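The values are calculated or read from the model by the stated rules, or taken from the named source; none is laboratory data. Note that this is a predicted model, so its numbers are computed, not measured. FYI the Cβ positions are ideal-geometry reconstructions off the backbone, even for glycines, and counts take in every protein chain you see. The accessibility values were calculated without ligands, DNA or RNA, using every heavy atom of the protein model including side chains. Shrake-Rupley method; radii C 1.70, N 1.55, O 1.52, S 1.80 Å.
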Amino acid sequence: MITKRQIRILKTLYQSEGYLSFQEIASQLDVSVKTIRNDVASIKDFLMDQDAGTIETKPHLGIRLMVNQPQWDRIFGAGQFKNAEEDRDILFQVIRHLLSGKVLNAQSFAETQFISRTHLDKILSIAENWFYKKQISFHRRRGKGIEIECSEFQFRLANWKFYSEFKECFQQSARLREPKAASIGAYEYTALCSALNGFDVDMTAECLNRLEAEYGLHFSYTAAVQILFFISLSITRLRKGNTVKIQGLSSSQSDMDRLMCSTFCEFAQKHFSIRIPPEEREYIIFVIAVSEIQGFYDDNYRRTFESHYIDLCRLTIKFVNLTSEISGVNLRQDKFFVRQIFLQLRVMIARLRYQTEFQNPLLRQIKEKYPDMMAITWSACNLLEKECKIRVNEHEAAFLALHIGGALERSMSHLSACIVCDYGVGISQILREKIELEIPELTICAVLSNRDVKKIRGIDCDFIISTIPLEGISLHKEVVVVGHILAYFDVKLIEAQMKKTRLNLLHRNLHQIKPSRELFSRELLFLDLDLTDKNQILHMMCARMESQGYVTDGFEKTVTDRETYTSTEVGRGIALPHGLPEYVIRSAVAFARLKKPIVWFDGDDEVDLIFLLALDIKDEKNMAEEIIKFYKSFARFIDDETAIAKIRSGNTAEELSDLLKNL
């Protein structure tokens with residue numbers, strides 16, 4: 001087989017009426033002449049294997065493809081290269097062509113790509129859907145071709161998403177370049193410059209580096225790439241006379257974002273010899289606001305930065321307190337967690353207020369491996385939605401879930417153990433030192449002889465490491481039996497016990513608590529629904545809640561609106577749809593079990609258990625404590641496959657009601 005670039009060379013030669021030099025081909029593909037020579041050698045071997053013509057070389061003229069139509073059809077007509085990879089490459093060309101502002105003539109485009117109109121029409125349908133999701137109109141005009149229409153702001157967002165989704169295509173379409181000022185890899189730098197039609201991103205990087213030094217902070221890698229792209233695009237669009245308008249959001253912007261924008265514009269205007277108008281400055285404020293800060297040079301810079309976000313600091317404290325209550329772990333003392341939540345909330349709230357969705361590349365893994373963390377996060381997001389008047393999506397929830405999961409793991413990272421050894425003090429101390437050397441995150445709080453084993457009951461430790469079996473002695477702690485001379489296998493046994501202990505601690509923190517006032521009621525129970533339409537299911541559940549006086553008119557719309565732009569599937573075949581708290585009269589949870597699982601969101605995993613939440617953490621009925629207890633129970637439940645199986649197999653409404661009340 002040959003590569004995509006070699007296929008492009010073949011097609012370029014086929015379209016040429018005469019000879020082409022290596023330099024001409026290299027210039028078209030933006031690669032070196034040496035690369036073209038190597039590719040042509042591979043193509044010659046391929047043509048020989050396929051018995052499909054050859055490449056003729058003439059000194060001072062170049063090369064040309066010698067192939068007849070039957071031979072060409074044998075290579076491309078049978079669909080040998082019309083696979084998913086080539087379709088993606090054609091889709092890339094279609095989107096790039098339309099984003100460049102050009103009208104696309106379907107027939108001539110199909111001819112240049114050597115595909116049928118039928119094949120191209122399928123790809124155009126995919127492209128139309130791609131633009132639709134980016135809020136861009138896709139117009140097919142008979143006799144005039146295809147073009148797109150959108151605001152300048154949506155155009156720039158679409159270009160960023162195009163780059164993010166097709167980065168490898170941009171990398172492969174240009175010659176590798178090394179950055180000088182930009183703190184990014186060569187492949188990333190090459191792709192950025194290619195996506196911006198040759199604009200030197202290093203020039204923008206110099207301004208970004210000065211901004212970071214001025215405010216003593218550094219953006220995350222992804223945020224730095226994002227800033228370089230958006231600002232470079234702004235410069236190129238300004239030079240063409242295209243400015244952007246972002247309306248109605250100035251009141252939600254931080255004065256720090258404005259300060260940083262002013263500083264950056266001062267650098268950029270001198271560097272690029274341009275004037276940045278007020279409307280473009282609003283756009284740069286947006287870019288800064290939605291870009292994640294990774295950290296600060298020192299605490300002085302950090303404190304100065306935080307002093308410009310007093311309301312966000314208060315919200316961060318509330319969020320951390322609520323998360324601590326739900327998880328059962330005091331996360332307030334984890335300063336790293338508190339600071340990371342502050343920075344995450346800063347960008348999350350900005351992105352949601354600007355109504356821009358940023359993809360979380362780890363979303364699927366988080367939902368599959370840490371459904372309990374997602375459940376805790378969705379629970380805590382109830383506070384954010386009420387305080388900030390925003391709707392959190394699953395991508396943003398997953399970002400928060402990572403921070404919460406990391407904090408919970410850190411809270412359990414240092415465990416303690418007690419050693420029981422049947423030899424003398426010397427051997428016991430050597431064993432202790434070896435364990436502490438091999439496993440530094442484990443603290444040995446005591447070393448006892450087998451005669452003093454009963455003293456362990458009064459020692460605060462997580463488990464016991466013993467050189468002798470302790471069967472028949474009730475110590476209420478797990479025991480790991482190791483050899484006197486600590487071996488590799490002994491270390492693995494201790495580490496396995498530490499992992500088990502951490503899981504037990506987490507489950508203990510998320511322990512089952514039965515609320516004194518139940519959030520579940522029989523009238524909100526829907527058993528074995530034979531429905532396949534998600535909206536119909538949610539309408540039935542919301543209507544019942546409203547008729548029973550739990551929610552007001554408008555609650556259903558907030559539920560369905562959320563479902564149109566994000567998934568509330570949290571893993572294990574469970575969905576957690578929820579409405580905004582301002583429409584809640586009395587907090588309650590409706591439950592539906594479906595006869596057959598249904599696809600919940602845009603090709604997402606299937607769901608058959610639905611918990612519809614109508615919860616207000618600050619409702620007038622003093623239910624805050626009970627809601628937190630429910631969240632704790634649910635976080636534990638979703639990580640318990642046995643409990644989930646019981647919910648799925650409950651035969652009667654009475655049985656299921658009892659199971660739900662005792663999650």
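Sorted largest first by accessible area at a 1.4 angstrom probe radius, with every protein chain in place, the residues 468, 427 fall in the order 427, 468. Between 254, 195, 267, the Cα set farthest toward the positive side of the dipole of the range 156-267 (charges on each charged residue's Cβ, about the Cα centre) is that of 195.
A cut-off of 5 Å between modelled amide H atoms, ignoring neighbours fewer than 5 places along the same chain, links residue 420 with 448, 465, 466, 467.
Think of the range 138-217 as having a plus end and a minus end, set by charges on the Cβ of Lys, Arg, Asp and Glu; of 172, 139, 159, 139 sits farthest toward the positive end of this dipole. Of the GluC sites (Glu not before Pro) found in the range 120-194, not one falls in a DSSP loop while having at most 14 other beta-carbon atoms within 10 Å. For a straight C-alpha distance cut-off of 26 angstrom, the lysines reachable from residue 44 (same-chain residues fewer than eight places away being disregarded) are 4, 11, 34, 58, 82.
Would you kindly state how much longer the chain becomes between residue 523 and residue 14 on full extension, computed as 0.36 nm times their sequence separation minus their alpha carbon distance, in nm to one decimal? Working shown, then result.
Details: separation 509, 0.36 × 509 = 183.24 nm, distance 7.11 nm.
So the extension gain works out to 176.1 nm.
Translational diffusion coefficient of the range 1-133 at 20 °C, 1.002 mPa s, Stokes-Einstein with Kirkwood Rh over Cα pairs, in µm²/s as a whole number.
Values: Rh = 16.0 Å.
Roughly 134 µm²/s, to the nearest whole number.
Please report, largest first and rounded to whole Å, the three semi-axes of the ellipsoid equivalent to the chain, where each semi-axis is the square root of five times an eigenvalue of the C-alpha gyration tensor. Before the final figure, lay out each step's value.
Working: eigenvalues 547, 233, 176 Å².
Largest first, the chain gives 52, 34, 30 Å.
Would you give the gap between the C-alpha center of the range 132-152 and the C-alpha center of the range 541-598, rounded to a whole Å? Between the Cα centres of the range 132-152 and the range 541-598 lies a distance of 35 Å. With all projection directions averaged, the alpha carbon convex hull of the range 62-178 covers 9.9 nm².
Close amide H pairs (under 5 Å, H built 1.01 Å from N) link residue 219 with 294, residues at least 5 positions away or on another chain.
Only bridges with both residues in the chain count here: give the DSSP antiparallel percent, nearest 5.
Details: 26 of 46 bridges.
Bridges in the chain that DSSP calls antiparallel: roughly 55 percent.
In the full protein context, the range 550-591 carries 28 Å² of accessible surface per residue, based on a 1.4 Å probe and ignoring ligands, DNA and RNA.
Remark on residue 246: its backbone amide H falls under 5 Å from none of the residues 5 or more positions apart or on other chains, H modelled at 1.01 Å from N. Within straight-line reach of residue 180, meaning a Cα separation under 17 Å, sit the following aspartates and glutamates at least 8 residues removed in sequence or on another chain: 188, 200, 202, 206, 212.
As a fraction of the 1.4 Å probe accessible area of the chain, surface on carbon and sulfur atoms comes out at 48 percent.
When you work out D = kT/(6 pi eta Rh) for the range 438-497 at 37 °C and 0.692 mPa s, using the Kirkwood radius from C-alpha pairs as Rh and the Stokes-Einstein form, the result is 266 µm²/s. For the range 290-373, rounded, prolate or oblate, judged on the Cα gyration tensor with a ≥ b ≥ c (square roots of eigenvalues), a/c < 1.5 rounded, else prolate if a/b > b/c? Oblate shape, in that a/c is at least 1.5 and b/c is the bigger or equal ratio.
The helix-based estimate of mean residue ellipticity at 222 nm for the chain, built from -39,500 (n - 2.57) per DSSP H run of four or more residues and divided by its residue count, is -17000 deg cm²/dmol to the nearest 500.
Please tell me which of these pairs span more than 20 angstrom C-alpha to C-alpha: 557/632; 389/557; 369/499; 369/500; 534/596; 102/144? The partial results should precede the final answer.
Values: 557/632 27 Å; 389/557 15 Å; 369/499 15 Å; 369/500 16 Å; 534/596 12 Å; 102/144 11 Å.
Over 20 Å Cα-Cα: 557/632.
How much accessible area per residue does the range 289-330 have, counting only protein heavy atoms and a probe of 1.4 Å, in square angstrom?
Values: 1970 Å² over 42 residues.
Accessible area per residue, the range 289-330: 47 Å².
About its Cα centre, the range 198-322 has a charge dipole of approximately 380 debye under the convention of +1 per Lys or Arg Cβ and -1 per Asp or Glu Cβ, with nothing else charged.
Taking the Cα centre of the chain as reference, the dipole from Cβ charges on Lys and Arg (+1) and Asp and Glu (-1) amounts to some 860 debye. Accessible surface for the range 77-168, divided over its residues, is 51 Å² per residue with a 1.4 Å probe. Evaluated on the range 155-235, the Kirkwood hydrodynamic radius is 12.7 Å, with distances taken between all distinct Cα atoms.
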